[in-house]
Each structure stands twice: as C-alpha cells, then as structure tokens.
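The values are calculated or read from the model by the stated rules, or taken from the named source; none is laboratory data. These figures come from a predicted structure and were not determined experimentally. Note that we place each Cβ from the backbone using ideal geometry, even for glycine, and neighbour counts take in every protein chain shown. Please note that ligands, DNA and RNA were not included when accessible areas were found on the heavy atoms of the full protein model with its side chains. Shrake-Rupley method; radii C 1.70, N 1.55, O 1.52, S 1.80 Å.
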Amino acid sequence: MAELTHLDASGAARMVDVGAKPATTREATAEGRITMSAEAARAIAEGSGKKGDALAVARVAGIMAAKRTSELIPLCHPVPLSHVRVELLPDESGVTVRATCACTGPTGVEMEALTATSVALLTLYDMAKAIDRAMVIGSVALLAKSGGQSGDWVRAST
C-alpha cells in the first residue's frame with residue numbers, strides 16, 4: 001500500500017520536497033458533470049441566461065482556478081503551467097466539463113486539472129441558479145496523467 005506523502009513520520013502535515021526531482025513534461029486531464037433541468041441546460045447552451053454566456057464565463061473561471069490551485073490547496077506546489085484547456089460539453093440535461101493542464105516541472109498537474117474542473121462546474125451553478133437551484137455537481141475525477149517518476153496513468157472505464 002502506498003504511503004501518504006503529505007504526512008511526516010509523526011503524522012504531521014508537510015509539503016513534499018520536490019527540489020531534487022527532475023523537471024519533466026507533465027499533463028493531466030480531469031472531468032466532472034453538472035446536471036440540471038432542461039430549461040437551465042437550454043439557457044446555458046444558448047447563452048440566454050440572465051448573467052450572460054455561462055459557458056464562456058465557466059471556461060475562464062476554470063483557467064483562472066488552475067493558475068491559483070496552490071493558493072487554494074494548502075500543500076500543493078505552485079507549478080509553471082504551460083497550457084490549460086477547459087472544454088464544456090452541454091447537452092439536454094447538463095454540462096460535462098473536461099480540463100487539461102500541462103507544465104514542465106518537478107511535480108504533476110493533477111490538482112490543477114481537478115481544480116479547473118470543479119471551479120468551472122461551480123461557475124455554471126452560479127450562472128444558472130436563478131433558473132434551477134436543484135442542479136447537482138458530481139463525478140469529478142482524474143481521467144489521465146502523464147509524465148513524472150510514476151509515469152502515465154489512465155482511469156479504468158467504469
């Protein structure tokens with residue numbers, strides 16, 4: 001069983017020392033979903049909500065969140081992101097958000113991809129809550145990561 005790397009020998013929280021790790025190209029993709037009423041999904045897809053183009057705002061929010069991940073997650077290292085892509089895939093019952101982050105550095109970008117996805121989903125909720133307060137955000141998960149000492153990983157289909 002793998003050890004929790006953010007705990008020291010006494011069980012206290014610590015930031016992992018990545019100073020000796022080589023800088024490699026790393027990428028991670030995460031995905032999540034918000035489900036909602038057909039009326040809210042239509043307003044988001046058409047950009048006709050009271051607050052404007054929810055998809056555009058959520059995309060920018062996700063990108064901004066990826067860039068600020070280390071400010072939000074206490075033991076997360078700041079990483080020099082070279083790329084962030086936030087895809088929003090609306091349909092008749094909601095929106096799927098997929099975020100991909102990349103960098104060249106000593107630690108991965110999984111947290112940045114997960115944060116971008118989560119904040120984009122929260123932004124969609126905020127943009128459409130006047131239409132549907134019963135929206136549900138869920139299924140946020142890492143889909144894949146590449147690079148680094150542990151190599152490539154892809155989530156098994158469920």
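Computed per residue of the chain from DSSP H runs no shorter than four, each worth -39500 (n - 2.57), the mean residue ellipticity at 222 nm is -9000 deg cm²/dmol. Can you grab the distance from the C-alpha centre of the range 101-158 to the C-alpha centre of the range 54-76, Å, no decimals? Each part reduced to its Cα centre gives a spacing of 10 Å. A 1.4 Å probe, protein heavy atoms only, puts the accessible area of Thr29 near 20 Å². The label-point distance for Ala156 and Glu46, in a model that sets each label 7 Å from Cα toward Cβ, rounds to 4.4 nm. Taking a straight line from the alpha carbon of Lys145, these aspartates and glutamates sit under 16 Å away, with near neighbours fewer than eight places off in the same chain left out: Glu27, Glu31, Glu110, Glu112.
Per-residue accessible area (protein heavy atoms, 1.4 Å probe) orders Glu112, Glu27, Glu87 as Glu27, Glu87, Glu112, starting from the largest. With the simple spin-label model, which puts each label point 7 Å out from Cα in the Cβ direction, the Gln149 to Leu89 separation comes to 3.4 nm. Quick one: with all protein chains in place, what share of the accessible area of the range 92-158 is carbon or sulfur, to the nearest percent (1.4 Å probe)? Answer for the range 92-158 is 54 percent, counting heavy atoms of protein chains only.
When only Cα pairs below 8 angstrom with a gap of at least 6 residues are kept, the chain shows a relative contact order of 35 percent. Note on surface exposure: Arg59, Arg68 rank Arg68, Arg59 by accessible area, highest first, 1.4 Å probe.
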